[in-house]
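The numbers here are math on the coordinates, done by the rules we state, and not lab data. It should be emphasised that the depicted structure is a prediction, and the values quoted were computed from it without experimental measurement. All Cβ positions, even for glycine, are placed from backbone atoms using ideal geometry, and neighbour counts span all protein chains on display.
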Amino acid sequence: MTGGPSAASVVGAVISLPVIPLGVLGQTAIPGINSATPDQVGWPAYVDQVGEVVHQQGEEDDLVILASNYGEAGAIDRFREGQLPAVYSGHNALYSSGPPAEPVKAVVVVGAMLEKVRPYFAGCTIARSLDNGTDVDNEEQGEPIAVCTGRLVGWNSIWPALRHLD
Amino acid sequence: MMHCGVWERSSTAPRMTAPSLGRHTEEGFRAIRRRRGVNLRGGARTRSQVGRSGEALDNTVHDEARQVSSSSVGNPRSGPRVMRSAVPRTADQQSHSAPWRRSTGSKGLAAWEYAFGSLTLSMGHVFLTASVDLFVWPAVILAVMRALLRGRPWWWLVAGTIAALSLYNKFLIVMLLAALAIGLLALGPRRAVWSPWVLGGRGPGSCGGPPEHHLPGSQWMAAADHGCCPVCPQCRQCPPPHVAVSASDAGSAPGAVLGRRFGCPAPSP
């Protein structure tokens with residue numbers, strides 16, 4: 001009688017809880033079954049990499065970070081510890097926090113949003129790609145970190161184009 | 001769950017082989033209806049007559065059913081124990097002689113599977129809007145079950161309040177309410193859908209806001225379009241879109257950060 005539920009619980013725990021060691025998680029089928037598991041991997045590393053790119057820009061005062069989704073925006077906000085500029089995103093409710101201030105002419109773009117941002121700047125350069133170092137494929141793995149400079153139009157024209165509800 | 005288990009032992013229903021609450025309840029009621037002619041209690045009848053006319057009969061039956069169940073556990077609120085003596089003991093004896101056959105096993109299995117299912121663990125581990133629904137959905141279902149199965153219609157108000165509050169978190173509860181309504185319309189008791197208590201349960205869902213924004217959720221969405229949120233006191237005076245939110249990190253206190261996230265005006269640096 002208890003064998004059934006116990007087996008089901010073990011399967012549920014393996015799929016849903018972080019019980020598989022990070023080193024081998026990428027070789028299992030779990031990231032393909034439950035996207036919530038791989039999405040818990042690599043955030044401090046991603047934020048470190050964003051930080052590297054930001055600091056390579058020197059003492060640029062009016063530089064902000066544009067994140068593609070609330071996961072990236074939340075992680076950057078959580079782990080930046082005062083070392084990184086403010087982060088903005090057009091994802092869901094973050095859109096209503098509004099765009100960066102008007103003096104901001106350059107941004108560090110994180111993730112797949114880059115192609116939507118690119119037309120509004122004189123130039124965008126991909127600095128590196130996000131890598132969690134654990135071979136676990138998630139929504140962020142391999143996505144670009146880019147620097148876009150020379151904003152061409154006002155933020156109020158750009159911001160609606162970056163909005164997405166999903 | 002406890003209620004049902006107690007009831008089972010004191011009713012004339014044969015031993016349950018499946019956790020079929022509806023059948024179980026119906027048989028309990030039928031047994032009571034059979035005895036109503038000889039065992040009508042004044043208290044229950046008086047109470048039901050006070051209530052809505054259309055529900056009088058059902059309320060009487062529900063009240064008596066509750067007395068049957070509560071008297072067997074010595075509930076101090078229960079009335080005279082006339083009903084109990086009229087209940088044959090066969091079901092009781094059977095369930096004691098074969099406890100593993102009681103439906104509590106099925107209920108335990110269902111509870112276990114809900115608690116340790118993959119989705120429950122996943123949503124419980126990662127705090128998402130869906131995590132809140134893990135509590136909200138069973139809570140609404142519990143309230144509706146109490147309203148329908150125990151004849152306590154004020155639980156509709158509880159269900160409505162929980163559902164309305166959860167709309168601030170997620171809209172998916174609307175699907176549960178629709179499913180419940182379809183179930184009631186298809187299988188009954190259809191009268192429940194039109195009872196004043198059910199209509200009253202919709203009240204909490206339409207609290208506050210201008211007339212065109214009756215639901216909290218739509219109020220939220222409309223407010224979000226204006227760059228503010230309805231839970232902020234400042235919402236009544238929306239800031240000009242986006243200008244109140246500065247790129248500076250002046251408001252880095254947790255409340256201010258949350259406020260900034262939801263588009264509330266940032267505190268001045």
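Overview of results
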quantity: Residues with amide H under 5 Å from that of residue A:164, placed H, sequence gap 5 or more; calculated: A:91, A:92
quantity: Exercise: per-residue mean of other protein chain Cβ atoms within 10 Å, A:89-101; calculated: 5
quantity: Residue mean of other protein chain beta carbons inside 10 Å, B:124-132; calculated: 2
quantity: FRET efficiency estimate (nearest 0.05) - Cβ-Cβ, residue B:179 to residue A:126, R0 60 angstrom; calculated: 0.80
quantity: Inter-label distance for residue A:13 and residue A:92, nm, one decimal - labels placed 7 Å from Cα along Cα-to-Cβ; calculated: 2.9 nm
quantity: Hypothetical label at residue A:39: residues of segment A:73-91 whose amide nitrogen lies under 20 Å (7 Å Cα-Cβ projection); calculated: A:73-79, A:88-91
quantity: Computed E for residue A:102/residue A:48 - FRET, C-beta separation, R0 25 angstrom, nearest 0.05; calculated: 0.25
quantity: Distance histogram in 5 Å bins (all Cα pairs of segment A:38-100, percent per bin); calculated: 4, 18, 29, 24, 17, 6, 1
quantity: Values of log10 I(q)/I(0), in the order q = 0.09, 0.15, 0.18, 0.21 Å⁻¹, for chain A under a Debye, Cα-only, solvent-free model; calculated: -0.36, -0.81, -1.07, -1.35
quantity: Highest to lowest packing among A:156-166, B:113-123, A:116-126, scored as the average C-beta count within 10 Å; calculated: B:113-123, A:116-126, A:156-166
quantity: Highest average packing first - B:168-175, A:51-58, Cβ atoms within 10 Å; calculated: B:168-175, A:51-58
quantity: Fewest-first sequence of A:37, A:149 by Cβ atoms within 10 Å of each Cβ; calculated: A:149, A:37
quantity: All lysines inside 24 Å of residue A:105 as judged from Cα atoms, apart from same-chain residues fewer than 8 positions distant; calculated: A:116
quantity: Fewest-first sequence of A:151, A:128 by Cβ atoms within 10 Å of each Cβ; calculated: A:128, A:151
quantity: Simple label model, 7 Å out from Cα along Cβ direction - residue B:150 to residue B:129, nm; calculated: 3.2 nm
